[in-house]
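Notes for the one structure printed next.
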Amino acid sequence: QVQLVESGGGLVQAGGSLRLSCTASGSTRIMGWFRQAPGKEREFVSAVFWSSGNTFYANSVKGRFTISRDNAKNTVYLQMNSLKVEDTAVYYCAAAIRGGSYYYAGQYDYWGQGTQVTVSS
């Protein structure tokens, strides 16, 4: 069992920045971030393969968001810059213990509690 603890959400104006953190209690192969806006399905945002450090992004956040990891702290970060109103959502950290389709929510075995990100105009 892997527990994920998230932090870092909040309210920010459009164009601003936020950094999300997610600390895992055990080893995983893939760490991902997903988000869900009201009335919409959960969607992939970004992922990092823990061993290789390879990173992946949704087209909607590419160039604005950066995912990184700290091996010593077993923590993954999502630095979000140039935030837009449409980035408003609950952001979830997720962990997969097997390799595979990093963009598919069903691939992930464990989920954080979610953290609200609200971007105002």
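Annotations for the structure displayed:
- Breaking point among (1) more than 21 Å from Ala105 (Cα to Cα); (2) in contact with a helix residue (DSSP H, G or I) (Cβ under 7 Å, 6 or more places away or on another chain), for Gly63: (2)
- Top-ranked residue in the range 84-118 [being open to solvent by 30 Å² or more (accessible area, probe 1.4 Å) and among the hydroxyl-bearing types (Ser, Thr, Tyr); ranked as nearest to Gly53 (Cα to Cα)]: Tyr102
- Inter-residue pairs, beta-carbon under 9 Å, first β-branched (Val, Ile, Thr) and in the range 36-56, second in a loop (DSSP other than H, G, I, E, B), 6+ apart: Val45/Ala58; Val45/Ser60; Val45/Val61; Val48/Asn54; Val48/Tyr102
- Filtered residue count, the range 83-113, keeping only those that are in contact with a strand residue (DSSP E or B) (Cβ under 7 Å, 6 or more places away or on another chain), outside any strand (DSSP E or B) and closer than 22 Å to Gly63 by Cβ: 7
The values are calculated or read from the model by the stated rules, or taken from the named source; none is laboratory data. Everything numeric here is computed off the predicted structure, so don't read it as measured data. Here the Cβ is made from the backbone with ideal geometry for all residues, glycine too, and neighbour counts use every protein chain on show. When the accessible area is computed, the model is the full protein with side chains, heavy atoms only, and any ligands, DNA or RNA have been set aside. Shrake-Rupley method; radii C 1.70, N 1.55, O 1.52, S 1.80 Å.
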